[in-house]
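Written below as C-alpha cells is the structure these notes are about.
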Amino acid sequence: MRIPQISIMVDNKPGALLAPCQALSKAGINIVTLSLAEHRQYGTLRLIVADWEKARDLLEAAGFTSP
C-alpha cells in the first residue's frame, strides 16, 4: 500500500513547527504522523496527513518549499 508523504523545509529554530501545523489545523487537515530530520540551518519536516493534496496546495501557498 502506498501512502503519500509531504516534505517541506522549516528553519532549525524553536517554534518553527508552529506555522505549518497551525496552517493545517486552521484548514481542518489532520496530521496522522510527522517526522523531522534536522540539518544545520533548516529541518526537513515529513508529514502524513488525512488530505495530502489539499495540504500540499495549502503549504505551497503559504510559502513552504520542498527540500
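The values are calculated or read from the model by the stated rules, or taken from the named source; none is laboratory data. As the structure is a prediction and not an experimental result, all values here were calculated from the model. A quick note on method: Cβ atoms are made from the backbone with ideal geometry, for glycine too, and the neighbour counts reach across all protein chains shown.
Residues that are charged (D, E, K, R) and more than 16 Å from Ile3 (Cα to Cα) were ranked within the range 18-67; the one that is surrounded by the fewest Cβ atoms within 10 Å (Cβ to Cβ) is Arg40.
Can you tell me which residues in the range 11-30 are under 16 Å from Ala62 (Cα atoms), modelled with pLDDT of 95 or more and not in a helix (DSSP H, G or I)? Ala27, Gly28, Ile29, listed by residue number.
Among the residues in the range 36-59, are any of a type outside the set (S, T, N, Q), part of a loop (DSSP other than H, G, I, E, B), at positive phi and over 9 Å from the mean Cα position of the chain (by Cα)?
The first filter runs over the range 36-59 and keeps only residues of a type outside the set (S, T, N, Q), leaving 36-40, 42-43, 45-59.
Retained after the next criterion (residues that are part of a loop (DSSP other than H, G, I, E, B)): 39-40, 50-51.
Cutting the leftovers down to at positive phi gives us none.
Among the residues of the range 36-59, not one is of a type outside the set (S, T, N, Q), part of a loop (DSSP other than H, G, I, E, B), at positive phi and over 9 Å from the mean Cα position of the chain (by Cα), which makes the answer no.
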